[in-house]
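Okay, so here's the structure we're looking at.
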Amino acid sequence: MNISTDTMKKYRKPSNKHYLQRGLTSAKYIILGKEINEGLLFKAFLYTIFIATSYIYLNPILKMIVNMVMSEKDLIDPTITWIPSEFYLGHIRQAWKALHYGQAFSISMIVALSSAIFHCVTCALAGYALARLEFPFKKLVFGLLITAFIIPPQVTVLPTIIGYTKLGINDSFLTLIVPSILGFGVKGSLFVIIFRQFFLTQPRELEEAAKIDGASAFRFFLKVMLPLAKPALLVVFLFSFVWTWNDTYLPKMFLVDTQLLPLASEMLSLDRVIESFVESQQMSSDEAGAVKMAASFLAILPPLLIFLIFQRHFVEGVERTGLVE
């Protein structure tokens, strides 16, 4: 039986050169990828940027945590940088006592939670009205809203203090909650705009179907629009909570003759007290720095935990509310 030359070439085993070429091609696809964003080289470059950026942001927090658990002996030892020889909690206890942490934490939590909840309610109503309802002078109202967002709080703080004095609620932490009930100030304006932008993205067909079923505008807002607005509600809640938690200007203006101060204001008082201790040589500068770091960690811990828990939902909410456009 005769076998042609073409048939023999067809069944001939691939040479070593062919295997080498296939291997180089596979390695090229693995390293560089068929597309530029699919190869190992691009991913390694991307992860290098991510790790470097994460280190830049996390390094101060890690340094804070390490220094606040170091003893005074470790703080003055130049050979100890990241791993202390012993786990010392004295600085945390000093910071806890100096901050009046239990009382200050309770006040900050009450004020921040109340402000966040009221901002979600009042600003959602205002944002829905500006986005979906028609009423006289609507454009004027929106223009005034933008103006309120531009005006700094330093301009309105004196009339606000006078108003609180006439109402008899000055020097009370209620003065920090009332603006959120009214959607007043820079924060309220920003949150109304966030809700307005979100409600504008919702389809008109939902509203038309609700009108056919006989639903009023308020019922449509409660039953349809508010459940859809969960991403916007989460964004506004977290923004308001962290903003109020870290605020020191308004408490300094409204809470003058009272010992009931939120945590951020206690941090300012702690800084002055520690500086006086260092000047009078009752405390070394190294120990003072460790106490400050412990106090800072105690102050940022609650909002940090809240953000870590809701991080994924927060990012999705920012995307859906149009803040990144």
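Restricted to segment 267-289, and to residues there that are more than 17 Å from S71 (Cα to Cα) and among the small types (G, A, S), the residue that is surrounded by the most Cβ atoms within 10 Å (Cβ to Cβ) is S269.
Among the candidates D271, D257, single out the residue that is closer than 25 Å to Q103 by Cα and assigned to a loop (DSSP other than H, G, I, E, B). Working first, answer last.
Details: D271 fails: assigned to a loop (DSSP other than H, G, I, E, B).
D257 is the lone residue from the list that is closer than 25 Å to Q103 by Cα and assigned to a loop (DSSP other than H, G, I, E, B).
What residue, among those in segment 141-157 that are part of a helix (DSSP H, G or I) and aliphatic (A, V, I, L, M), is nearest to M253 (Cα to Cα)?
Restricting attention to segment 141-157, the residues satisfying the condition of being part of a helix (DSSP H, G or I) are 141-150, 153-157.
Checking the rest, the ones that are also aliphatic (A, V, I, L, M) come to 141, 144-146, 148, 150, 155, 157.
Working: V141: 29, L144: 25, L145: 24, I146: 24, A148: 19, I150: 20, V155: 12, V157: 8 Å.
Among them, the one singled out is V157.
Identify, from the list L144, L62, the residue that is aliphatic (A, V, I, L, M), over 30 Å from L298 (Cβ atoms) and loosely packed, with under 15 Cβ neighbours inside 10 Å. Steps first, answer last, please.
Details: L62 fails: over 30 Å from L298 (Cβ atoms).
One residue alone meets the criteria, L144.
How many residues does segment 185-202 contain that are within 21 Å of the chain's Cα centre (by Cα) and in a loop (DSSP other than H, G, I, E, B)? Explain how you work it out, then say what you get.
Taking segment 185-202 first, the residues within 21 Å of the chain's Cα centre (by Cα) are 185-198.
Now restrict to residues that are in a loop (DSSP other than H, G, I, E, B): none.
Counting residues in segment 185-202 that are within 21 Å of the chain's Cα centre (by Cα) and in a loop (DSSP other than H, G, I, E, B) gives 0.
Considering P152, P227, P136, P159, the condition of being open to solvent by 40 Å² or more (accessible area, probe 1.4 Å), free of Cβ contacts under 8 Å to residues at least 40 places away in the same chain and in contact with a helix residue (DSSP H, G or I) (Cβ under 9 Å, 6 or more places away or on another chain) is satisfied by P152 alone.
Is it true that A104 is more than 30 Å from L206 (Cβ to Cβ), over 25 Å from the mean Cα position of the chain (by Cα) and in contact (Cβ under 8 Å) with a residue 60 or more places away in the chain? For A104, the condition - more than 30 Å from L206 (Cβ to Cβ), over 25 Å from the mean Cα position of the chain (by Cα) and in contact (Cβ under 8 Å) with a residue 60 or more places away in the chain - is not met.
Of everything listed in (1) more than 27 Å from A229 (Cβ to Cβ); (2) out of contact with any Pro (no Cβ under 9 Å at 6 or more places or on another chain), the single unmet condition for L140 is (1).
Which of the residues that make up segment 203-224 are part of a loop (DSSP other than H, G, I, E, B) and open to solvent by less than 40 Å² (accessible area, probe 1.4 Å)?
We begin by selecting, within segment 203-224, every residue part of a loop (DSSP other than H, G, I, E, B); these are 203, 213-216.
Hit for segment 203-224 is A215, nothing else.
Candidates in segment 236-259 are the residues that are within 14 Å of F118 (Cα to Cα) and in contact (Cβ under 8 Å) with a residue 60 or more places away in the chain; of these, the one that is farthest from the chain's Cα centre (by Cα) is T244.
The values are calculated or read from the model by the stated rules, or taken from the named source; none is laboratory data. None of the values given here were measured: they were computed from a predicted structure. Don't worry about glycine lacking a Cβ; one is built from the backbone with ideal geometry, like all the others, and counts go over all protein chains shown. The accessibility values were calculated without ligands, DNA or RNA, using every heavy atom of the protein model including side chains. Shrake-Rupley method; radii C 1.70, N 1.55, O 1.52, S 1.80 Å.
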